[in-house]
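The values are calculated or read from the model by the stated rules, or taken from the named source; none is laboratory data. These numbers were taken from a predicted model, which means no experiment stands behind them. Note that we place each Cβ from the backbone using ideal geometry, even for glycine, and neighbour counts take in every protein chain shown.
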Amino acid sequence: MRQHPTVAGLPANRRLVVEVLCFGLIAGPVLYGLIGCARGGRAGLVLAGSTSVQPIAELVAEHYEIDYPGRSVSVQGGGSSAGVRATQEGTAAIGMSSRNLKPEEQGLNTILVAQDAIVLIVHPSNPVRALTREQARGVFTGQIRDWSELGGADRPITVITREEGSGTRGAFEEMVMEKQDFSVDALVQDSTGTVRAIVASDPNGIGYISFGMVNDEVVPMAIDGVMPSRGTVASREYTLARPFLFLTKGQPLPEAQQFIDYMLGDKGQGLVEQEGYIPVKERAR
């Protein structure tokens with residue numbers, strides 16, 4: 001068998017161990033996915049799933065690698081459904097989901113690591129800054145097509161939504177859409193960042209993104225008279241709230257458990273709060 005260049009110079013017994021881990025001679029792709037392989041044969045932890053959870057998981061991973069030299073964490077997107085599948089199939093040690101599990105997905109271990117809210121956003125030039133949930137549903141189903149119907153300018157509404165399988169879309173469907181279909185004219189995007197970018201560049205646009213992803217380029221909207229904020233989300237006064245979950249298949253492997261503990265510790269929860277999400281654990285002050 002051709003040897004990988006990063007392991008060719010190792011003693012025979014260590015070469016065998018690295019080749020088993022990296023090329024799957026014994027455990028195959030499942031073991032590879034659970035611990036990963038990095039350059040130089042260094043094992044790494046793999047997370048996969050929600051693109052809403054991904055940014056905060058990546059940030060925590062950066063700090064984790066600094067605090068634990070020699071550890072490696074790979075964070076991949078793909079959406080919440082992809083995170084569930086990766087966890088079930090063993091291609092990720094930790095899945096990420098920004099929605100609760102569906103009945104057919106039960107059986108995985110779920111760990112709440114942060115709370116988030118879904119926020120409707122518009123361009124800063126748009127004077128419409130509040131909707132009822134019924135109005136929001138009308139916009140995204142295509143029943144309301146012009147901003148003039150909502151007290152704005154006489155302009156057609158550009159609707160931006162997420163792709164099927166997205167946890168953000170799944171939560172929005174559950175909390176707003178009431179099993180009605182999205183407008184056939186809606187622009188479908190594959191990440192929170194692209195939804196925000198389109199709304200930021202289109203005065204007629206409206207989309208929905210994670211609370212922690214709101215920035216000065218877009219304006220958040222009140223829903224049923226309540227603006228999204230850390231306080232209104234934590235108190236559940238703002239009702240479009242959702243969980244950020246880590247998923248594992250059974251008991252986490254030791255390295256996965258260490259990262260989960262780090263995420264739920266003072267450093268991890270401090271980063272959650274710093275990035276605009278709502279922590280689930282009190283931190284030592």
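What to note about this one:
- Residues located in the stretch 247-285, provided they are under 18 Å from Gln54 (Cβ atoms) and in contact with a Gly (Cβ under 7 Å, 6 or more places away or on another chain): Leu247, Tyr262, Glu275, Gly276, Tyr277
- Pairs, first without any contact (Cβ under 8 Å) to a residue 24 or more places away in the chain in the stretch 150-173, second of a type in the set (A, V, I, L, M) and not in a loop (DSSP other than H, G, I, E, B), C-beta under 8 Å, six or more apart: Leu150/Leu131; Leu150/Val139
- When the test is whether a residue is assigned to a helix (DSSP H, G or I) and of a type in the set (Lys, Arg), Lys267 passes it.
- The criterion of at least 2 residues that are assigned by TED's automatic domain parsing to the domain that holds Gln88 and at pLDDT 95 or above is met, among strands (runs of 3 or more DSSP E) falling completely within the stretch 108-210, by 109-122.
- Set Ala48, Ala61, Ala82: member being assigned to a strand (DSSP E or B), touching a residue at least 12 places away in the same chain (Cβ under 8 Å) and outside the structural domain of Pro228 (by TED's automatic domain parsing): Ala48
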